[in-house]
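The values are calculated or read from the model by the stated rules, or taken from the named source; none is laboratory data. A quick note: this is a predicted structure, and the numbers were derived from the prediction, not measured. FYI the Cβ positions are ideal-geometry reconstructions off the backbone, even for glycines, and counts take in every protein chain you see. To get the accessible areas, we keep the full protein, side chains included, count just its heavy atoms, and leave off ligands, DNA and RNA. Shrake-Rupley method; radii C 1.70, N 1.55, O 1.52, S 1.80 Å.
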Protein chains: 2
Amino acid sequence: MYRTFNNGFLRLEHINQEVTLCGWVQKMRDLGGMTFVDLRDRYGTTQLVFNMEINSKICELARQMGREYVVQVKGKVVKRSAPNKNIPTGQIEVEVSDLKILNKSKNPPFTIEDETDGGDDLRMQYRYLDLRRSVIQKKIILRSEISFYTRSFLKKEGFLEVETPVLIKSTPEGARDFIVPSRLNQGKFYALPQSPQTFKQLLMVSGFDKYYQIVKCFRDEDFRSDRQPEFTQIDCEMSFVDMNDILTTFESLIADILFKTKGVRIGTIPRITYDQSIRDYGTDKPDIRFEMKIKNLTNICKGNQFPLFDQADTILGIVVPGAAGLSRKKIDSLIDWVKRPQIGATGMIYCKFNHLDTYKSSVDKYFNTDDLASWKEFCEANDGDLLLILAGKEKQTINAMGQLRIEVADRMGLRDPNLYKPIWVTDFPLFDFDEENKTFHAMHHPFTSPKEEDIELLVSHPQAVKANAYDMALNGTEIGGGSIRIHDRKLQNQIFNLLGFTNEQAYEQFGFLMEAFEYGAPPHGGIAFGLDRICAVIEGVDSIRDFIAFPKNNSGRDIMLDAPSKIHDDQLKELGL
Amino acid sequence: MYRTFNNGFLRLEHINQEVTLCGWVQKMRDLGGMTFVDLRDRYGTTQLVFNMEINSKICELARQMGREYVVQVKGKVVKRSAPNKNIPTGQIEVEVSDLKILNKSKNPPFTIEDETDGGDDLRMQYRYLDLRRSVIQKKIILRSEISFYTRSFLKKEGFLEVETPVLIKSTPEGARDFIVPSRLNQGKFYALPQSPQTFKQLLMVSGFDKYYQIVKCFRDEDFRSDRQPEFTQIDCEMSFVDMNDILTTFESLIADILFKTKGVRIGTIPRITYDQSIRDYGTDKPDIRFEMKIKNLTNICKGNQFPLFDQADTILGIVVPGAAGLSRKKIDSLIDWVKRPQIGATGMIYCKFNHLDTYKSSVDKYFNTDDLASWKEFCEANDGDLLLILAGKEKQTINAMGQLRIEVADRMGLRDPNLYKPIWVTDFPLFDFDEENKTFHAMHHPFTSPKEEDIELLVSHPQAVKANAYDMALNGTEIGGGSIRIHDRKLQNQIFNLLGFTNEQAYEQFGFLMEAFEYGAPPHGGIAFGLDRICAVIEGVDSIRDFIAFPKNNSGRDIMLDAPSKIHDDQLKELGL
């Protein structure tokens, strides 16, 4: 037994107790006859006192220590003369009577503090030291708790955790599959799963009824700052359910997680269709912590000889509440922002609804006060509000306006980090139509079922077919999505054909699943949440990286490990490569 | 909402309720005017009644169904005239008023019954149908529960679940690593982890204090019937602990699992040293459900001109209680058994301690009754017992006797499947000495710490050094093992040198870990349990395969998926292979 307590535990009630503590030296202060040491572990920090008068030998040993030394001390809990109210153990300190240095430490390459002086690369190289920082530890602990709450909730709901294989079949369409050469079956390869999709559907065919798994998935694609080649999903599937059953079950899960991690009660999660989401928010993952819905001004704005409007397919506006006083400089900065190639607008029109009806717009040349008043009325704007307008081709303008809405909210401080506003977006289109190649792609994946009432459109008008597919967005980030699956082989074949699969290709890729559907597949559906993403959104940060103990960088490299790396020729030879 | 209840739920108290059920057709019996259907899901079976007189249309539809059809029925719960006491729903049946066939099924290639007519290969090919069989479902459900109990226990004990990476660095010694070519870093490879060993040690360096993970591990080796290329470990590590802390923590985990799954209370788990285990049981994973400890007869048996004994290094015996009456045929069958090449004994001597002192041995020519009486006394045998003796070279004889002990217990029915007797085996040798190449190998792994009192032997007599290493065996199967690790870099270097690593090799393989040890590594240790194995031992079966939803066969192939398989040339080209 190395210790009797951890460093976050001791309080006034322990005064006079003899204790043994272990931990890392966080900080040392030498005040002549006394040496104070902050001893740290993941539970907290305890102040140690070494007194030259009481025990000079121990005190001298203590003075030889440096930051990050690992020590064991014995001593008595005493009341601090100057309490520190910022930490839970701040009322007490430990008068050390015995000290054992368990391990020394070189001077760390950056300071192990919440605010560190280490750059990104250095911290990644010494990730094991970066992970000592309390800000990072808290994120890993949060993740651990979210995983546990998820499992507890799903267990209570009757879900079984079933592990699906990691070494699976590589498929011709799997251009983003990682593949794994087999030593025992030379010339043949496994693949790592991009998701356990087919396995969870097979488990439904097998009658497992409710399945979940918190599972690593793999995608070998060009990395963006917020993608990792391996990522973790909360993967779920249920039988004999419709969309409503799934939404109800999993909104309780998210409510449970938010309550347990943040003490937030979210109530019923609103549901809107994909079409409504695009119309009102310009995106399928709306941030509804603030209103500022998009207004379609196409009809009301056209016909005043203003070429930008008259030539536009679509004219959209958002009303920024109380922002009529925004400076010219700030508005110009927004105009520059919308012109960035990622946003792609050619410009932005604004209109200030000042008090006392002194309206002012950037298109006063074309529109008089009455026009502006009609806009104001149409948009349900109030005095003091600012109207921002984008015009252009439909798709691009919707997209740009969706992004502008978020950017403006960011700049106006409307995205309250203490608010949690999940929303379900349902009824996605079944297909994405590739204008260029005139081909259909599955918007979710090829197993997604069309809405019953749209099935006849599959032949006549596939673009219009809506799917039993749903996403959950939280504060403007998609955290999960799923669908009711097709359980009928004939319908599945029809979809495969529309997606341009030959029967042969479909069989090569999904033969076992299609065969399984011949033996009594139940109606089923499911959902997958991104665990890394949920953690990041709950903590209100953009990057998932700090919620992963040993993440990879943007090139898919683990700098600490130096992976991927070369392997020996004889190893390659043994694999037949 | 497809159903109001599952098929295992309804009882007498639900009589007269209108219910909706879904499930698979397990069985149909047509009794003229009435058709009875057993409707199955993972929760149970409910009997449905279709009555020609009451609803002929529905009844006729029902008669068109076949096995494994998926249906939804509405109806009224009624009391059965002939209750079935073998199933929980046997008191009631449901009088069907509405029937919907949700999906048809082809005739399955084997019967979906506990006792099926399907062979191994067929069942593997249609694993999704095999998984419908209740005997298999129960095993997968058991696994899910053991995982959950494990997580709950470890959470309560303050362990954090931390995910470690799956795409890691391949090492030159990793001849059994699966490797993964990187598309974005051509010519370079990741490897899949054989265990998260180095990561959990890094997490201790990072101060996470208590870590666990239920994690997939990978080993690309020739498969034995009971090995899988991917397998699951309950992987744990703790800081500031000695061996006793770990054994205490994890015997509580195993006790918790055995109590929750089997209702068994095991009490304190006995601990014996490796040397003692080999001496008493001829193995480091003893089955202690029965006694029958090995007796060393070397001194007592030599010197009577019996060449087999006089030329042997070691003479060992076991006393089989009450087996003196064993027939000549049964003894001969045991003799044949020990002569099998896997056991490798040249023969077996027996001695029957019949009642009334009429002892009888297979070596009466060399040993008289007094000799046999002295054996009996030495072995503490009783009248009616049978003594079995093997003699030969030390190591081989110990090993053969360990196996004979188990075989005899099996044949005598001494291995009670309802008993659960875990045991800790501690103080393993630190090194395995390879006589042929005169080299040392790490018995557990190179991070295992030597016993403090043996450190000086590292120079003079490495073979004699014992390790702070421990295994847990349950009913004769190793289910887990671990060690207290080295946290001192100098000692770690010394061990690497003994293991024949050059500094360069050690750095290439474990550089980041050795560097981490420079920055204040705490004393730490851990353990890993084989989850698949725990499930199998608890269910009293030899094979882990049925506890894995989608297992691979002995050649590492997934027959259902047809994996591993060939991949397209352009995919290979893109990977630079």
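Observations on the model:
- So B:LEU184, is it over 30 Å from B:GLY8 (Cβ atoms) and facing chain A (nearest Cβ under 7 Å): yes
- Selected residue (criterion: nearest to B:GLU237 (Cα to Cα)) from residues of region B:455-474 that are in contact with a helix residue (DSSP H, G or I) (Cβ under 7 Å, 6 or more places away or on another chain) and open to solvent by 10 Å² or more (accessible area, probe 1.4 Å): B:ASN468
- Test: residue in region B:516-524 that is surrounded by 23 or more Cβ atoms within 10 Å (Cβ to Cβ), under 23 Å from B:ALA255 (Cα atoms) and more than 8 Å from chain A (Cβ to nearest Cβ): no
- Residues within region A:345-363 that are open to solvent by 70 Å² or more (accessible area, probe 1.4 Å) and assigned to a loop (DSSP other than H, G, I, E, B), tallied: 2
- So B:ALA563, is it closer than 30 Å to A:PRO564 by Cβ, at the interface with another protein chain (Cβ under 7 Å from one of its Cβ atoms) and either surrounded by fewer than 23 Cβ atoms within 10 Å (Cβ to Cβ) or under 29 Å from the mean Cα position of the chain (by Cα) (or both): yes
- When B:THR171 is tested against the conditions (1) open to solvent by 20 Å² or more (accessible area, probe 1.4 Å); (2) at the interface with another protein chain (Cβ under 10 Å from one of its Cβ atoms); (3) within 25 Å of A:ILE214 (Cα to Cα); (4) polar (S, T, N, Q), the lone failure is (3).
- Some residue of region A:48-63 being within 39 Å of the chain's Cα centre (by Cα), away from chain B (no Cβ under 14 Å) and surrounded by 21 or more Cβ atoms within 10 Å (Cβ to Cβ): no
- A residue that is of a type in the set (Asp, Glu) and not assigned by TED's automatic domain parsing to the domain that holds A:ASN368 can be found somewhere in region A:260-282.
- Residue pairs whose Cβ atoms lie under 9 Å apart, sitting 6 or more positions apart in sequence or on different chains, and linking a residue in region B:353-366 that is under 11 Å from B:GLY384 (Cβ atoms) to a partner that is open to solvent by 80 Å² or more (accessible area, probe 1.4 Å) and outside any strand (DSSP E or B), are B:PHE353/B:ASN382.
- The set of residues from region B:197-244 being at pLDDT 95 or above, touching a helix residue (DSSP H, G or I) at 6+ places or on another chain (Cβ under 6 Å) and open to solvent by 10 Å² or more (accessible area, probe 1.4 Å) comprises B:ILE214, B:PHE231.
- Condition met for A:LEU308 (more than 14 Å from chain B (Cβ to nearest Cβ) and either crowded, with 20+ Cβ neighbours inside 10 Å or out of contact with any strand residue (DSSP E or B) (no Cβ under 9 Å at 6 or more places or on another chain) (or both)): no
- Residue check, A:LYS285 under 30 Å from A:LEU386 (Cα atoms), under 20 Å from the mean Cα position of the chain (by Cα), surrounded by fewer than 21 Cβ atoms within 10 Å (Cβ to Cβ) and not polar (S, T, N, Q): yes
- Reported count of residues in region B:410-453, each being within 20 Å of the chain's Cα centre (by Cα), polar (S, T, N, Q) and open to solvent by 20 Å² or more (accessible area, probe 1.4 Å), is 1.
- Candidate set: region B:17-44, residues that are β-branched (Val, Ile, Thr) and within 12 Å of chain A (Cβ to nearest Cβ); chosen: the one farthest from B:LEU129 (Cα to Cα): B:THR20
- A:VAL166 vs. criteria modelled with pLDDT of 95 or more and facing another protein chain (nearest Cβ under 10 Å): yes
- Number of the exception - A:LYS262 against (1) facing chain B (nearest Cβ under 8 Å); (2) modelled with pLDDT of 95 or more: (1)
- Only a single criterion out of (1) out of contact with any helix residue (DSSP H, G or I) (no Cβ under 9 Å at 6 or more places or on another chain); (2) more than 8 Å from chain A (Cβ to nearest Cβ); (3) in a helix (DSSP H, G or I) is not satisfied by B:ASN86, namely (3).
- Within region B:101-128, residues that are assigned to a loop (DSSP other than H, G, I, E, B) have Cβ atoms under 9 Å from residues that are surrounded by fewer than 20 Cβ atoms within 10 Å (Cβ to Cβ) and acidic (Asp, Glu) in these pairs: B:LYS104/A:GLU518; B:LYS106/A:GLU518; B:PHE110/B:ASP117; B:THR111/B:ASP117; B:TYR126/A:GLU515, counting only partners at least 6 apart in sequence or on another chain.
- Scanning region B:527-560 for residues that are open to solvent by 10 Å² or more (accessible area, probe 1.4 Å), aliphatic (A, V, I, L, M) and within 7 Å of chain A (Cβ to nearest Cβ) yields a total of 1.
- Screening B:LEU247 against (1) at pLDDT 95 or above; (2) in contact with a Lys or Arg (Cβ under 8 Å, 6 or more places away or on another chain); (3) open to solvent by 40 Å² or more (accessible area, probe 1.4 Å) leaves a single unmet condition, (3).
- Residues satisfying the stated conditions in region B:89-114, i.e. away from every other protein chain (no Cβ under 14 Å), surrounded by fewer than 18 Cβ atoms within 10 Å (Cβ to Cβ) and more than 14 Å from B:ARG132 (Cβ to Cβ): B:GLY90, B:GLU95, B:SER97, B:ASP98
- In region A:328-344, of all residues being modelled with pLDDT of 95 or more and farther than 18 Å from A:THR397 by Cα, the one that is most open to solvent (accessible area, probe 1.4 Å) corresponds to A:LYS329.
- Of the residues making up region B:174-192, just one is of a type outside the set (Phe, Trp, Tyr), open to solvent by less than 10 Å² (accessible area, probe 1.4 Å) and under 24 Å from the mean Cα position of the chain (by Cα), namely B:LEU192.
- Counting the residues of region A:130-147 that are open to solvent by less than 30 Å² (accessible area, probe 1.4 Å) and free of Cβ contacts under 8 Å to residues at least 40 places away in the same chain gives 3.
- Hits in region B:380-397 - residues which are surrounded by fewer than 21 Cβ atoms within 10 Å (Cβ to Cβ) and part of a helix (DSSP H, G or I): B:GLU394, B:LYS395, B:GLN396
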